[in-house]
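Here the structure comes first, spelled out in structure tokens, and everything after it is commentary.
Only the coordinates and a few stated rules stand behind these numbers; no lab work does. The structure presented is a predicted model; accordingly, all values stated were derived computationally and were not measured. Positions of Cβ are generated from backbone atoms using ideal geometry, with glycine treated the same way; all protein chains shown enter the neighbour counts.
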Amino acid sequence: MGKNAVFLDRDGTIIEDVNYLSDLRDITWIKGAKESIKALNEAGYQVVIVTNQSGIARGLLDESLLQRVHQAINDDLRHLGAHIDAFYYCPHHPDIGSPQYKKICSCRKPEPGLIYQASQDMDIDLERSFLIGDNLRDIEAGLRAGLTPILVLTGKGKDFKERILTVPTYKSIKIFPSIVEATRWILTSTWCF
């Protein structure tokens with residue numbers, strides 16, 4: 001039996017979405033996100049970021065800068081005694097970029113490739129794991145991978161709430177104001193493993 005995990009979108013879910021974050025000084029945490037990650041760590045969940053980063057394909061940042069952003073995120077968390085176990089990202093765009101990055105891939109959400117890769121690398125049991133995100137792409141990726149997806153209303157989440165509430169295939173999707181309430185639900189859910 002694999003490990004339990006909580007997959008997190010990055011921009012709009014744990015940090016503010018500033019459209020192609022390319023400066024470490026622009027990292028602004030969503031209120032309660034660091035504490036929520038710490039609570040997930042303490043409960044024994046693997047915490048994994050899965051994020052589309054087409055800014056790389058667009059030439060707005062490079063992969064080494066993205067690595068520094070992720071290092072800065074983990075450095076901030078360490079001050080609180082928390083951490084992200086792994087970061088997975090898609091640098092591609094289907095229509096923009098050099099041949100290395102301009103492609104249709106299986107890792108760009110809503111495709112579940114990042115989730116599958118993390119599951120394989122980290123021995124994660126997808127059926128016993130969750131995904132928290134602020135976009136329909138996150139929800140779709142979670143559903144396709146067999147996770148329990150959760151929409152948060154931070155970031156772009158408010159823009160998708162009505163769609164989630166009216167599309168029959170999204171009927172079981174949980175919606176919470178932020179990662180704080182989503183984490184509380186995960187940790188107190190009666191069917192949580």
Greater than 25 Å apart at Cα, pairs in LYS31/LYS103; LYS34/LYS174; LYS3/LYS156:
LYS31/LYS103; LYS3/LYS156
When the chain is fully extended, how far beyond the present Cα-Cα distance does LEU187 get from SER64, taking 0.36 nm per residue of separation?
40.8 nm
Would you mind checking the radius of gyration and Dmax of region 1-84 based on alpha-carbon positions, in Å?
13.2, 41
Based solely on its DSSP helices, what 222 nm [θ] is calculated for the chain when runs of n ≥ 4 H residues each add -39,500 (n - 2.57) and the sum is averaged over all residues, nearest 500 deg cm²/dmol?
-10500 deg cm²/dmol
Theoretical gain in end-to-end length, GLN100 to GLN71 [0.36 nm per residue, Cα-Cα removed]:
8.0 nm
Taking Cα atoms only, Rg over Rh for region 117-185 with Rh from the Kirkwood formula is 0.98
Take every DSSP beta bridge whose two residues both sit in the chain, then give the antiparallel share in percent to the nearest 5.
5 percent
Anisotropy class of region 48-155 from Cα gyration tensor, a/c 1.5 cut
oblate
Relative to the present Cα-Cα distance, how much length would full extension add between GLN117 and LYS161 at 0.36 nm per residue of separation?
13.0 nm
If R0 = 41 Å, then MET1 and LYS171, at their Cβ-Cβ distance, give a FRET efficiency to the nearest 0.05 of 0.90
For Cα Rg over 2.2 N^0.38 Å, the listed values are [x] 1.07; [y] 0.92; [z] 0.96; which was obtained by calculation from the structure presented?
[z]
In a GNM of the chain with a 10 Å cut-off on Cα contacts, which of ASN41, ASN52, ASN19 has the highest mean-square fluctuation?
ASN19
